[in-house]
Amino acid sequence: MRYCGAVFLIALGFCGSGHAQQAGPAAAEVEQALAAVRPHAIRAHMGFLADDLLEGRRTGTRGYDLAAKYVAAQFEALGLEPAGTGGGYFQPVPLVQITADEPACSLAFLRDGRKTELRYGLDYFNGTRDADVTAPVVFVGFGVTAPEMGYDDYAGIDVRGKIVARLSGAPASFPHDQRAYYSDPRVGARNALAHGAAGLFGIFTPELERMFPWELFAQHARWPAVSWLDADGRPYHPAPGAAILSRKAAEELFAGAPHSLEKVFANAESGRLQSFELPVQASLRSTNRRERIESPNVVAVLRGSDPRLREEYVVLSAHLDHVGVGDPVDGDSIYNGAYDNASGVAILLEVANAFARLPVAPRRSVLFLAATGEEEGLNGSEFFAHNPTVPAGRIVADINLDMFLMLYPLRDVVAFGAEHSSLSVTVEEAARPLGIAVSPDPFPEQVFFIRSDHYSFVQQGIPAIHLAGGFATGDPAVDGRALWDTWMREVMHRPGDDMSQRIDFGAGAQFAKLNFLISYLVAQKDQAPSWNPGDFFGEKFRGSSGDQSPAGPSREIPKPFKYR
């Protein structure tokens, strides 16, 4: 696809910033940088990162460390400065890996002198906090307290010292922004703790279970959870003792209750959900094994050219980890993660290559972050956002690259999060000369905005976006949505996500060019990106120190859900 209109675009950008005299030369340099983006380089980077030898790049493994060394070597070859800890390219992230001690875990319901024992893995999975609690159970709807919406599932009900049972998600009546925030299971966990709950049961709604059946959840739930550690060596985010219940277990929990589980689901769908006490006690024992591990983020920087603005940073992020080795599928146990997220890292490297080709660096500095631990809860990006290797408060935006599906030529993109800030204008400015349309979020109810590394920056009050390919294919006979849905259902987080599948590297190159232009424009403009007036996330995290951050280990809503 041609991009000759970029000259006009960049000229407009410079006119807007008071640097019109530089428009011609700068535009030519940008054209040269765009021409340096190579489809075959994206293929080569993906091929190495998704090779069986790296064994799925799970956080804390030798395979991940090999991937990190590869990315650091690529940054060095491009002449980018190291921006990790101690003058190198790596930022070590202290982590704890949490694995359930299944034989030592138990869950039972106590009703009318009768005890019903549940089976680990078939009926429930425990959470990441050790617990030994026997207490009455209270159903608390979605477990949401949203003062700005005049909504509180805990109103009029006392849960102190009790176990609360909550549905996944948030009320469908909420605007998409609020629904996204309150759907996060860790926000629900924090709210349960704030109300004095002694434990928490999570229950999948039918909508969630249709997209992510219990059998698939069970496969992922047996993988260890991971959490980054604070300066005192403690997991950063608190959580109560918890269990996630299967549909069968949830139906048993609601036996004899004022409303059946099916009625609760119907009330949730119609907006008539109410909290009530259940005529049952539960005895939950959760026991986990913990192991301290360390895994590095990989960080490099291209210093800006403006004496003042070079102290501000535009971050491009992509997670480097995947899920490692798992249950065999057709004899293959290596979950290579070609699309998720060797694709994002490969494109990140080609964007870095384009920036390195500029004769004059952009005005702001550009920082490249290949993050660890995303699959288990945005760990690497959140650790970086809380402990940046550049001066705190100097990051002006994050542009995130995660799982770009190159299933057909690139005709349109969805810019998740762009509607919250002035970055929406920049995305349009960058997409127009490339002939790429910008489409609205096709499934806002799935709250993808909170499900990848850009959200770690949002929680620190930093405007951020994540781009994904849209469904336009340019061919009426090719249904982009159907291809997307099939891939999500049959390939994601499975061994089939390898280099043997359909990959249009030309689409990847176009996507790299778009992300380069967005980043370049952000780095050039006089004004840093800003939240839109009154934006929910801008207000929620204004001046945030991360205390409201819900990220951390969780088995309630696993990451395969991020696009669904």
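Only the coordinates and a few stated rules stand behind these numbers; no lab work does. Everything numeric in this text was worked out from a predicted model, so none of it was measured. Here the Cβ positions follow ideal geometry from the backbone for every residue, glycine too, while neighbour counts run over all protein chains shown.
Among the residues of the stretch 253-289, those identified as of a type in the set (S, T, N, Q) and out of contact with any Lys or Arg (no Cβ under 7 Å at 6 or more places or on another chain) are SER260, ASN267, SER270, GLN274, SER275, GLN281, SER283, THR287, ASN288. What residue, of ALA172, ALA189, ALA155, is more than 21 Å from the chain's Cα centre (by Cα), of a type outside the set (Val, Ile, Thr) and closer than 28 Å to PRO213 by Cα? Every option except ALA172 fails the conditions.
Remark: pairs (first residue in the stretch 397-421, free of Cβ contacts under 8 Å to residues at least 12 places away in the same chain; second residue of a type outside the set (Phe, Trp, Tyr) and assigned to a loop (DSSP other than H, G, I, E, B); Cβ separation under 7 Å; 6+ apart in sequence or on different chains) are absent. Of the numbered conditions (1) assigned to a helix (DSSP H, G or I); (2) more than 26 Å from PHE443 (Cα to Cα); (3) of a type outside the set (S, T, N, Q); (4) under 22 Å from the mean Cα position of the chain (by Cα), GLY543 fails exactly one; give the number of that condition. Single failed check for GLY543: (1). Residues in the stretch 166-191 that are among the small types (Gly, Ala, Ser) and either surrounded by fewer than 20 Cβ atoms within 10 Å (Cβ to Cβ) or in a helix (DSSP H, G or I) (or both): ALA172, SER173, ALA180, SER183, GLY188, ALA189. Of all the numbered requirements in (1) under 27 Å from PRO362 (Cα atoms); (2) free of Cβ contacts under 8 Å to residues at least 12 places away in the same chain, ARG62 misses one, and that requirement is (1). In the condition set (1) more than 19 Å from PRO279 (Cβ to Cβ); (2) aromatic (Phe, Trp, Tyr); (3) part of a strand (DSSP E or B), TRP223 is compliant with all but (3). Restricting PRO136, PRO103 to residues that are outside any loop (DSSP other than H, G, I, E, B) and without any contact (Cβ under 8 Å) to a residue 40 or more places away in the chain narrows the list to PRO103. Out of ALA192, ALA170, one residue alone is of a type in the set (Gly, Ala, Ser) and touching a Phe, Trp or Tyr at 6+ places or on another chain (Cβ under 6 Å). It is ALA170. If you take the residues of the stretch 238-252 that are touching a strand residue (DSSP E or B) at 6+ places or on another chain (Cβ under 7 Å) and in a loop (DSSP other than H, G, I, E, B), which of them is surrounded by the fewest Cβ atoms within 10 Å (Cβ to Cβ)? Only one residue tops the list, namely PRO240.
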